[in-house]
Structures are given as C-alpha cells and as structure tokens.
Amino acid sequence: MLKRIAVLTSGGDAPGMNAAIRAVVRTGLSLGAEVFGVQHGYAGLIAGNYRNMGDRDVGGILQQGGTILGSARSAEFRTLEGRQKALDQLAAQGIEGLVVIGGNGSQTGGYELNQMGFPTIGVASTIDNDLVGSDITIGVDTALNIALEAIDRLKVTASSHRRAFLVEVMGRDCGYLALMAALAGGAEAAVLPEIKTTAEAVKEQLIGQFARGKTNGIIVVAEGATPTLEELMAYFKTDSPTAGYEIRATTLGHVQRGGAPTAFDRILATTLGSGAAEKLINGERGVVVGRIENKLITTPYQDVIGRTKGIKPEIYELAQRLAR
Ligand code: F6P
C-alpha cells in the first residue's frame, strides 16, 4: 500500500477535472494515504510545487469547470533532465506514486516516469475524446453541450437571414466533437480530419439542401480538418457558390472548455478519479483508467500513448443521411 501519493492535471483543461481531483484526494484519504496536489502540471512537478490536500481543500469544486491545480504544457518535462528533476523532487517529498489527469500528451509523460521506475497511473481526460482506453473521456460531454447550445442559437439567426454558418469546434487530431455536434445539432455538413472532403463537395451539399427548401445551413468544421474553416471561407467568398445562402463563420474555440461540468462528466470524473487512486494505492501502475462499455477499465500505457481513437464511420454516414 502506498502512503503518499500526488495528483496533477496536465494539457488542455477539461470540465470535470476538478471532480476527478476531488475523487482522488478523498479516496486517497479514506484509504489512509496522504495526498499532494501538484500545481501547474509537469512544470510544477519539476519545480516541487506540491501541497498537502485535505478533505476541505477539495470542497465545493465538483461543480466547477477548469482545474484548481492549474494545468500547463511543459517543454522541460519532455527532456530527460526535466523528468529526472521531477523524480528528484518526488523523492525529496517522499511521494511514492502519481495520478495524472489528462489527455494523450499528459499520459505520455506518465508513461515516461513509469518507465523510469516511478509508479504512475492515468485518468482519461480531454475534450477531444481521442484517447484510446476510454469510450468517452472527461470533459467531452460538457464541451459537446456547449457547442450544441451555440449551434442551436446560430441556426435561429441563420434561418432569419437565409445564411449558412461555418462553425469551428475544437479537435486538433480527432473529429469526434465536430461529428457529434453535427449529429445532435442537425447540421447540414461536417468537415472532419478523418474524412476526406473538398470545399466543392460541401458546396454541392448546400446547393442540394437549399433546393429542397432549407432556410439555413450549419457546417461544423473540426479544428484539425482539411479544408480548414479559413480555406472554406475563402472558397465561398471568392466562388460565391452557395445558391442563395450568405456565408458567415464562427469559431467556438476555448468557449467549449470553460463550462461547468455536466452531470455525466461529474459522475465519469468521480468514478475514474476514485478508481485511479484506489488502484495506485493498491499497487497498480503503468495504466490509464477509462470507461469502456460502461465498465471501469485499465489499459496499459503501451496501448494508449501515441495512438488516436478515430470516429465511427457509420455515425458520419448517419449524420450525412439525415442532413437533407
Ligand atoms: O486537447 C484539447 C484542446 O482543446 C484541443 O481541442 C485544442 O486543439 C487544443 O487543446 C488547444 O490548446 P491550447 O489550449 O493550448 O490552445
């Protein structure tokens, strides 16, 4: 049994991270361990920026977006020297294991420390939902609901003006958010990194829908898609091909990351965070804790890092079929 563990959040913040921190801290304390919060991700791990957390330190955070521990993307930690400094700090403070709450890059950091002999365990958390090892990751549901609220609003104003809106949602390498926002928002088209398309193909889709009497067009574009929102906008502006629609563009960006977590994200984060703390304290290491087919599942780092979970093509087909 480990007696002193630490927890950090890393990479892009995700709504529900606080619920996961709370679950790690209180589970750790309930099992008789001391729990330390590391400030600002791996940068704080290197700097020795740790604080002892009690039950009350994580009170009132379940319902808050963001992360009370702060997050960062640390260039120094990507070097061997940086990771060695982190290990020295952990040793100096007598910490025996670490919970890493984050996405792909963050889990790679946990893997590296684990390879160097320090016990780590991951909690699957990113709004991108691109992490292998969990059907759904912490923050996705909230981000999706924020995107949907924006799309619903855009549809109203688009309809009043007979406009088509290009709406960019987050997702560098993965079109999950864009696809699900398109499906649940009744969008006219989705442009994703995983599916090859062209501005011409999007134009043809819009023209067909306009001819069938649509009064608005919502084209959800993933951040990492080709063509990009800018390329699409440039094409539509110069080519004026949209059969009557005026075109506008909206980028949702970080708005999607700042919301209070939904019930789904609070519950997901609570179960994954608690599971991770319990497993780490009981000697499990080198895995990411996620949820697969409604069960808490651990997946070895080797099967998670450096990989990207794709979208389901049949969901794309469904969104396309219904966009009439
Ligand atoms: O990985 C989460 C994410 O929000 C991506 O969707 C996005 O590409 C990236 O982070 C943005 O990073 P930053 O917050 O550093 O601008």
At a temperature of 25 °C and a viscosity of 0.890 mPa s, determine how fast segment 1-160 diffuses translationally according to Stokes-Einstein, using the Kirkwood radius over alpha-carbon pairs as Rh; express D in µm²/s, rounded to the nearest whole number. 151 µm²/s
Amide H neighbours of residue 34 under 5 Å, at least 5 residues apart or on other chains, H built in the peptide plane: list them. 4, 5
Place +1 on the Cβ of every Lys and Arg and -1 on the Cβ of every Asp and Glu in segment 118-223, take the dipole about the Cα centre, and give the residue among 207, 174, 197 whose Cα lies farthest towards its positive end. 207
Magnitude of the Cβ-charge dipole (Lys and Arg +1, Asp and Glu -1) of segment 141-257 about the Cα centre, nearest 20 debye, reported as 380 debye
Taking segment 141-257 and dividing mean pair separation by its residue count, relative contact order in percent (alpha carbons under 8 Å, at least six apart): 39 percent
Contour minus Cα-Cα span, residue 201 to residue 30, at 0.36 nm per residue, comes to 55.9 nm
Considering the chain as a Gaussian network with a 10 Å cut-off on Cα pairs, which listed residue, 292, 46, 267, attains the greatest mean-square fluctuation? 292
Residue-normalised 222 nm signal for the chain, counting each DSSP H run of n ≥ 4 as -39,500 (n - 2.57), nearest 500 deg cm²/dmol, is -13000 deg cm²/dmol
Taking neighbour Cβ counts within 10 Å as the exposure measure, how do 264, 165 sort from fewest upward? 264, 165
Charges only on Cβ, +1 for Lys and Arg, -1 for Asp and Glu: so what's the dipole of segment 124-175 about the Cα centre, in debye to the nearest 20? 460 debye
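Counting Lys and Arg as +1 and Asp and Glu as -1, each charge on the Cβ, what is the dipole of the chain about the Cα centre in debye, to the nearest 20?
On the way: 32 positive and 33 negative charges, 93 e Å.
I would put it at about 440 debye.
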Can you tell me the 0 to 90 degree angle between the C-alpha axis of helix 313-322 and the longest principal axis of the chain, rounded to 10? 40 degrees
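Between beta-carbons, use under 14 Å as the cut-off and find the net charge around residue 50, counting Lys and Arg +1, Asp and Glu -1.
Numbers: positive: 4, 51, 85; negative: 34, 57, 88, 96.
So the surrounding residues net to -1.
Using a ≥ b ≥ c from the Cα gyration tensor of segment 1-76 (square roots of the eigenvalues), is it rounded, prolate or oblate, where a/c under 1.5 gives rounded and otherwise the larger of a/b and b/c decides, a/b for prolate? Numbers along the way, then the final one.
Working: a/c = 2.22, a/b = 1.20, b/c = 1.85.
Cα axes put segment 1-76 in the oblate bin.
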Taking +1 at the Cβ of each Lys and Arg and -1 at the Cβ of each Asp and Glu, which of 28, 68, 151 sits farthest along the dipole of the chain towards its positive end, judged by Cα position relative to the Cα centre? 151
Taking the Cα atoms only, what angle lies between the long axis of helix 104-115 and the longest principal axis of the chain, rounded to 10 degrees? 20 degrees
Using θ = phi - 60° and the Karplus curve 6.51 cos²θ - 1.76 cosθ + 1.60, what whole-Hz ³J(HN,Hα) does each residue of segment 140-148 get, with Gly and Pro shown as x? 5, 4, 5, 4, 5, 5, 5, 4, 5
Picking from 320, 281, 38, whose Cα lies most toward the positive end of the charge dipole for the chain (charges on Cβ: Lys, Arg +1; Asp, Glu -1)? 320
Take the alpha carbon gyration tensor of segment 141-257, find the square roots of its eigenvalues, order them as a ≥ b ≥ c, and report rounded if a/c is under 1.5; if not, report prolate when a/b exceeds b/c, else oblate. oblate
Could you identify which residue out of 33, 178, 124 has the top mean-square fluctuation in a GNM of the chain using Cα springs shorter than 10 Å? 33
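Using only Cα atoms, figure out Rg for the chain and give it as a multiple of 2.2 N^0.38 Å.
On the way: Rg = 21.6 Å, N = 324, 2.2 N^0.38 = 19.8 Å.
Compactness ratio reported: 1.09.
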Comparing 134, 159, 71, which has the greatest mean-square fluctuation in the GNM of the chain with Cα pairs linked when under 10 Å apart? 159
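If each residue of separation counts as 0.36 nm, what is the full-extension length gain between residue 75 and residue 211 once their alpha-carbon separation is subtracted?
Values: separation 136, 0.36 × 136 = 48.96 nm, distance 5.19 nm.
Gain in length upon complete extension: 43.8 nm.
What does the C-alpha gyration tensor say about the overall shape of segment 221-314? Classify as rounded when a/c is under 1.5, otherwise prolate if a/b is larger than b/c, or oblate. Working shown, then result.
On the way: a/c = 3.57, a/b = 2.47, b/c = 1.45.
Prolate, since a/c reaches 1.5 and a/b exceeds b/c.
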Mind jotting down a quarter of the surface of the convex hull over the alpha carbons of segment 121-192, in square nanometres, one decimal? 4.8 nm²
Just to confirm my numbers, what's the Cα centroid distance between segment 122-153 and segment 63-85 in Å? 21 Å
Could you put 168, 188, 246, 317 in order, starting from the residue whose Cβ has the fewest other Cβ atoms within 10 Å? 317, 246, 168, 188
Using only Cα atoms, tell me the angle between helix 176-185 and the longest principal axis of the chain; keep it within 0 to 90° and round to the nearest 10. 50 degrees
Which order results if 55, 265 are arranged by neighbouring Cβ count within 10 Å, fewest first? 55, 265
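Just the number, please: percent antiparallel of the DSSP beta bridges in the chain, rounded to the nearest 5.
Values: 10 of 43 bridges.
Here the share of antiparallel DSSP bridges comes out near 25 percent.
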Between residue 249 and residues 5 or more places away or on another chain, the pairs with built amide H atoms under 5 Å apart involve 166
Take residue 91 and residue 153, extend 7 Å from each Cα along the Cα→Cβ direction, and tell me the distance between the two endpoints in nm. 5.3 nm
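Coordinate-derived values only; no laboratory data. What you are looking at is a predicted structure, and each value in this text was computed from that prediction instead of being measured. Positions of Cβ are generated from backbone atoms using ideal geometry, with glycine treated the same way; all protein chains shown enter the neighbour counts.
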